[in-house]
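Every read-out reported here was derived from the displayed coordinates using simple, explicitly stated rules and does not represent laboratory data. Computed from a prediction, not measured in an experiment: that's the story for all the values here. Counting neighbours? That spans all protein chains shown, and the Cβs are built from the backbone with ideal geometry, glycine included.
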Amino acid sequence: MGQAMVRMRDIRFRWRPRDPLVLDIPVLDVEEGERVFIKGPSGSGKTSLLNLLGGVAVPEAGAISIRGTEITGLRGSRRDAFRADHVGFIFQMFNLVPYLSLIDNVVLPCRFSRSRCSRAVERGGTLDGEARRILGHLELDVDALVSRPVTRLSMGQQQRVAAARALIGAPELVIADEPTSSLDADMRRSFLRLLFREIEEAGATLLFVSHDASLEDAFDHTVALAAINRAGMDG
Amino acid sequence: MPLLSLSLMSLRNRWITGSLTVFAIAVSVTLLLGVEKVRTEAKASFANTISGTDLIVGARSGAIQLLLYSVFRIGNATNNISWESYRDIAGLPQVAWTIPLSLGDAHRGYRVLGTNRDYFRHYRFANKRRLAFSAGGPFEDLFDAVLGADVAKALGYELGDAIVVAHGLGRAGFSKHDDKPFRVAGILAKTGTPVDRTVHVSLEGIEAIHVDWRGGARVPGKGVTADEVRRMNLEPKAFTAFLVGLKSRLSVFALQRHVNEYRDEPLLAVLPGVALQELWGLMGTAETALTAISAFVVVTGLLGMLTMLLATLNERRREMAILRSVGARPVHVFGLFVIEATILTALGTVFGLALLYVSLLIAQPIVDTRFGLYITIGLPTARDLLVLGLVVGAGVLVGAVPAYRAYRQSLADGMMVRT
């Protein structure tokens with residue numbers, strides 16, 4: 001195993017001061033280059049966990065570090081910048097900004113992160129070239145779809161565009177939140193295969209959050225959220 | 001600048017509501033600037049009505065009333081002034097010239113003014129411009145008439161045409177001085193003042209058509225023909241008012257006091273500039289009301305934009321969450337909305353300004369012929385630019401409302417829309 005990608009220690013989190021505790025996680029470690037399956041039914045604190053990892057929410061106690069940077073010690077705007085530079089997200093559905101073109105959706109993170117922008121240009125020559133390269137690797141027929149409004153792409157196509165956006169500029173950590181739950185079984189398998197290939201090529205770490213235990217086998221190891229979260233079930 | 005192009009693309013996506021919003025703001029800006037334009041032009045034209053006259057003298061009444069009937073040909077004099085008083089004052093050494101004015105008759109809705117040839121020599125309007133003839137010349141004969149530009153144009157008169165003066169001011173006066181018609185001897189060039197809407201005849205002409213009238217009706221059986229009247233003494237006994245030009249403006253207050261304290265007859269002398277100011281002051285309320293209304297129209301336009309931006313807020317929550325996930329800060333979300341509002345308002349003001357000039361170009365000849373108000377079309381004034389700046393500033397402030405809501409929402413939602 002390589003170095004530490006994610007370190008969570010004694011995390012306690014609730015949405016509002018008077019709300020019940022949502023997360024109470026003593027330890028969660030993810031090593032660099034790992035593909036980790038985080039299993040949890042809805043309501044087990046997945047959303048909270050993702051917001052904490054993205055630095056959008058902060059825990060009331062405990063520390064989270066990513067790549068050795070303790071994001072819980074950063075100011076809000078620094079956390080946003082850190083997320084832009086180092087973390088790519090894929091969500092369940094409605095991943096795309098409706099008024100942006102396919103390519104503009106893919107290169108969106110480069111608007112907010114200079115380092116991802118320069119890395120993307122380094123790899124693909126231009127932003128547009130890199131976007132097309134990744135989309136091609138994800139087996140999307142870019143030329144046929146590039147002028148189509150993203151709202152008229154199929155769900156499988158939309159998810160691949162979202163994956164390309166999470167991967168562009170080679171962020172070290174990719175977090176996927178149920179990215180396959182809106183896809184049928186065949187699509188699900190091919191999407192995972194392509195995602196894994198790209199993650200491997202980029203040398204990124206993958207955190208894959210899902211309630212679907214059938215996908216579990218493909219990952220290096222599984223973390224059951226219910227097992228590590230002492231805060232109970234609701235939230 | 002990651003946000004500007006995002007805002008532009010976002011607006012392009014909602015171009016129908018966006019352009020309606022821009023249109024509403026544009027129309028309101030046009031109205032605001034247009035009202036301001038007409039107001040200043042009207043005020044300037046108003047101040048241009050009479051110039052070079054030092055005093056207006058009439059029977060004692062109010063300064064504004066005297067100004068209204070003598071210069072604007074609106075309303076009636078309550079009393080006449082006697083020829084003797086006029087001769088007395090006109091003969092004073094400090095007086096350079098006088099123009100007697102006799103009002104009370106009309107021709108097809110246009111006022112008939114009895115005066116003498118000094119009118120064409122000394123009357124000044126605008127920036128001391130003198131009256132010019134577009135055809136013919138001043139009256140020579142007893143029954144000659146000189147028409148204002150609008151009268152000639154509206155009624156299609158040319159030199160030599162005969163016109164009949166009606167007694168009193170009704171448009172369709174029943175009693176007409178039809179036994180003594182006048183002949184058009186001259187037509188004046190356009191002035192943009194009430195002169196354009198006036199029929200000028202000599203004082204003697206006015207006297208002549210009334211020679212066989214008593215108390216507003218023809219004396220039965222006492223017809224005097226046009227030829228007979230030429231042999232009569234037509235020096236008027238009384239008339240309405242007269243304009244005074246002085247040799248030195250320094251004596252204006254002394255003469256004004258002299259006239260106001262005139263012993264033989266209650267007279268009133270007013271300084272035209274002062275009376276004009278006073279009259280314009282009366283219209284100040286209407287002026288303020290107009291400006292206020294158009295300002296409120298701008299507010300309505302901006303409220304339309306506010307509604308549009310607020311209405312999209314909910315459907316854009318997911319979009320904001322996506323932007324957050326790729327690294328946008330909450331302040332970026334705020335900025336996105338403010339920039340959209342700024343673009344909409346800025347486009348609105350630019351189109352509003354363009355619409356103003358198009359409307360002015362179209363309206364200029366119409367307003368000129370209909371209302372005698374010539375609107376000059378020039379570059380936007382400093383005040384216009386200030387107004388435009390204020391509108392854009394207000395637009396930015398209005399945009400801050402949905403922007404702040406989106407900001408709060410985005411803080412609460414994070415990267416996922418929690419419903």
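Tabulated data
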quantity	calculated
Rounded tilt (10° steps) of A:185-202 against the dominant C-alpha axis of chain A	90
Helix B:330-371 axis, angle to chain B major axis (alpha carbon atoms, nearest 10°)	20
Gyration tensor over alpha-carbon atoms, segment B:1-158, equivalent ellipsoid semi-axes in Å	52, 20, 15
Sequence-distant residues sharing a close amide H with B:Leu267 (under 5 Å, placed H)	B:Arg60, B:Tyr262
Positive dipole terminus of chain A, leading residue within A:Ile90, A:Leu53, A:Ser77 (C-beta point charges)	A:Ser77
Anisotropy class of chain B from Cα gyration tensor, a/c 1.5 cut	prolate
Antiparallel bridges, percent of DSSP beta bridges restricted to the protein assembly as shown (to nearest 5)	65
Simple label model, 7 Å out from Cα along Cβ direction - A:Asp220 to B:Val401, nm	5.3
For the protein assembly as shown, size of Cβ-based charge dipole, Lys and Arg +1, Asp and Glu -1, in debye	800
Per-residue Cβ neighbour rank within 10 angstrom, fewest leading, A:Glu201, A:Glu130	A:Glu201, A:Glu130
Of B:Ala354, B:Pro380, B:Ser45, farthest towards positive along the dipole that unit charges on Lys, Arg, Asp, Glu beta carbons give the protein assembly as shown	B:Ser45
Dipole-positive endmost among A:Met155, A:Thr222, A:Gly125 within chain A (Cβ charges, Cα centre)	A:Gly125
Projected-area average for chain A over all orientations - Cα convex hull basis, square nanometres	12.3
Computed over chain B: relative contact order in percent, which uses C-alpha pairs under 8 Å that are six or more apart	26
As computed over segment B:55-270, the Cα convex hull volume per residue (Å³)	122
Euclidean distance of C-alpha centroids, segment A:1-30 and segment B:253-273, integer Å	96
Kirkwood estimate for segment A:98-235, i.e. one over the average of 1/r between Cα atoms, Å	16.0
Degrees between helix A:76-86 axis and first principal axis of chain A (Cα, 0 to 90, nearest 10)	50
Dipole magnitude of segment A:100-230, debye to nearest 20 (Cβ charges: Lys/Arg +1, Asp/Glu -1, about Cα centre)	460
Cα-based radius of gyration of segment B:73-152 once divided by 2.2 N^0.38 Å, which approximates compact folds	1.22
Most mobile listed residue (B:Leu31, B:Leu11, B:Leu267) in chain B, GNM with C-alpha springs under 10 Å	B:Leu11
Most fluctuating residue given options A:Ser77, A:Ser113, A:Ser65, as computed from a GNM of chain A linking Cα atoms under 10 Å	A:Ser77
Residues with amide H under 5 Å from that of B:Tyr110, placed H, sequence gap 5 or more	none
Gain upon complete extension [B:Leu310, B:Val252; 0.36 nm per residue less C-alpha separation]	14.4 nm
Top of A:Ser42, A:Ser214, A:Ser154 by mean-square fluctuation, Gaussian network on chain A, Cα under 10 Å	A:Ser214
In segment B:55-270, lysine pairs closer than 18 Å at Cα, eight or more apart or cross-chain	5
